[in-house]
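Engineer: Below: one structure in structure tokens.
The values are calculated or read from the model by the stated rules, or taken from the named source; none is laboratory data. These figures come from a predicted structure and were not determined experimentally. Reconstructed Cβ throughout: ideal geometry from the backbone, glycine too, with neighbour counts over all protein chains shown. Accessible surface areas use protein heavy atoms only, side chains included; no ligands, DNA or RNA. Shrake-Rupley method; radii C 1.70, N 1.55, O 1.52, S 1.80 Å.
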Amino acid sequence: PRAILRPTMSTYVLIHGAWHGGWCWRKVVPLLEAKGHIVLAPDLPGHGNDGIPAATVTLKNYTDRICELARAQSERVILAGHSMGGIAITQAGENCPKHIGALVYVSAFLPRNGDSLVTWALQDRESRVNPSTTNPQADGTLGFKPEYVREAFYGSCTDEDVAFAQSRLTAQPGIPLGTPVETTAENWGRIPRYYIACDRDREIGRASCRE
């Protein structure tokens, strides 16, 4: 009898961007699950429903959370990060490479060794996020001017989706944004990497995305 080829099922870990939480993947998760994949969309520390005070959160907190999830899976995960999430998945790729099968940057920062998010963000003249961000608060967290939410983040999303998202945005921890990533060819450099560029993205200019 002819062999039946079955699609390969994978485990995805989806990492959100600044100010957001795992909830931002709510329409992506069921699409992947419908194909038989396992999908995790966690809140990073200090985001979403996570209870850690945002002012205390570090890049290490982000990557520890990601690596803990990756290690708990029965197979190497496909780790995808959006926007600021690119910084987090880059460092996670360095810290626990044996548990990551691929890194996917979804319109995300893709830093070189020694770069921080701030390295690129301050040079990005195309981003609509930069002029929409409030000055750092006394505790170092960053806010967002609500009147710019649709323009910077949500483009052609429905009013319902914009309202859903805006009501869930939280203060952004400042420390991870200024922390340089540390990567090596032996760890992060050996993981297959893919970049998904979004033509109508207003968050990050193309020149600021790439390594």
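Engineer: Any residue in the stretch 150-171 that is surrounded by fewer than 12 Cβ atoms within 10 Å (Cβ to Cβ), modelled with pLDDT of 85 or more, in contact with a strand residue (DSSP E or B) (Cβ under 9 Å, 6 or more places away or on another chain) and not in a helix (DSSP H, G or I)?
Structural biologist: Scanning the stretch 150-171 turns up no residue that is surrounded by fewer than 12 Cβ atoms within 10 Å (Cβ to Cβ), modelled with pLDDT of 85 or more, in contact with a strand residue (DSSP E or B) (Cβ under 9 Å, 6 or more places away or on another chain) and not in a helix (DSSP H, G or I).
Engineer: Given Trp19, Trp25, which one is at positive phi and among the aromatic types (Phe, Trp, Tyr)?
Structural biologist: Answer to the check: Trp19.
Engineer: Give the residues of the stretch 43-61 that are in contact with a Pro (Cβ under 6 Å, 6 or more places away or on another chain) and open to solvent by less than 30 Å² (accessible area, probe 1.4 Å), sorted by residue number.
Structural biologist: Within the stretch 43-61, Gly46, Ala54, Val57, Leu59 meet the criteria.
Engineer: Taking Ser107 as the residue in question, decide whether it is of a type in the set (S, T, N, Q), touching a strand residue (DSSP E or B) at 6+ places or on another chain (Cβ under 7 Å) and either open to solvent by 10 Å² or more (accessible area, probe 1.4 Å) or not in a loop (DSSP other than H, G, I, E, B) (or both).
Structural biologist: It is true that Ser107 is of a type in the set (S, T, N, Q), touching a strand residue (DSSP E or B) at 6+ places or on another chain (Cβ under 7 Å) and either open to solvent by 10 Å² or more (accessible area, probe 1.4 Å) or not in a loop (DSSP other than H, G, I, E, B) (or both).
Engineer: Continuing with the same structure: Which one is farthest from Arg65 (Cα to Cα), of the residues in the stretch 17-42 that are open to solvent by 40 Å² or more (accessible area, probe 1.4 Å), hydrophobic (A, V, I, L, M, F, W, C) and part of a helix (DSSP H, G or I)?
Structural biologist: Leu31
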